[in-house]
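Enquirer: Pasting a structure below so you can have a look.
Nothing in this text is a laboratory measurement; each read-out follows from the coordinates by a stated rule. Because the structure is predicted, anything quoted here is derived from the model rather than measured.
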């Protein structure tokens, strides 16, 4: 783990409608990031509104996005399309999370530009590994 005590916090957006999964993701991130700012949205429309708000000066763009593929309202695929069409955030690494293990879902998200597709884990230990994956995707702080 990198010592980030002298660096700005990592900004992470979680777009996830299941509060239990949000809590598990938070626990997965804590050991890998000394400081982080967390933004949570619980549907695709709110994610799109968050990105629209980035056109101004605040909030700063996230350094990492954890995106549920099956969000209510606007689904994760459309949110991912929007991310990759928006110059300010199109280079932000995106980890797509899904309860599906469909090869088509995996292929679709890679084609749309996600850095990783992770089937939502069924055990706590597997969930905690997501933090290490997230850490690997970010440039050295």
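Enquirer: Take the alpha carbon atoms of the chain, find their radius of gyration, then divide it by 2.2 N^0.38 Å using N residues; give the quotient. Before the final figure, lay out each step's value.
Expert: Numbers: Rg = 14.1 Å, N = 141, 2.2 N^0.38 = 14.4 Å.
Ratio of Rg to 2.2 N^0.38 Å for the chain: 0.98.
Enquirer: While we're here: For the range 15-66, what does the alpha-carbon gyration tensor say about shape, rounded, prolate or oblate, given a ≥ b ≥ c as the root eigenvalues, a/c under 1.5 as rounded, and a/b over b/c as prolate? Please list the in-between numbers first.
Expert: Values: a/c = 3.35, a/b = 1.33, b/c = 2.53.
Oblate.
Enquirer: In whole angstrom, note down how far apart the Cα centers of the range 44-84 and the range 95-141 are.
Expert: First find each Cα centre; the distance between them is then 16 Å.
Enquirer: Given the rule -39500 (n - 2.57) for each run of at least 4 DSSP H residues, summed and divided by the residues of the chain, what is its mean residue ellipticity at 222 nm, to the nearest 500 deg cm²/dmol? Before the final figure, lay out each step's value.
Expert: On the way: 5 runs with 55 residues, N = 141.
Helices in the chain give a 222 nm mean residue ellipticity of -12000 deg cm²/dmol.
Enquirer: Compute the Kirkwood hydrodynamic radius of the range 36-101, taking the inverse of the mean of 1/r over all pairs of distinct Cα atoms, and give it in Å to one decimal. It would help to have the intermediate numbers written out before the result.
Expert: Details: mean 1/r = 0.0828 Å⁻¹.
Across the range 36-101, the inverse of the average 1/r is 12.1 Å.
Enquirer: How would you classify the range 61-134 from its alpha-carbon gyration tensor, with a ≥ b ≥ c the square roots of the eigenvalues: rounded for a/c under 1.5, else prolate if a/b is greater than b/c, otherwise oblate? Kindly include the intermediate steps, with their values, before the conclusion.
Expert: Details: a/c = 1.90, a/b = 1.33, b/c = 1.42.
Oblate.
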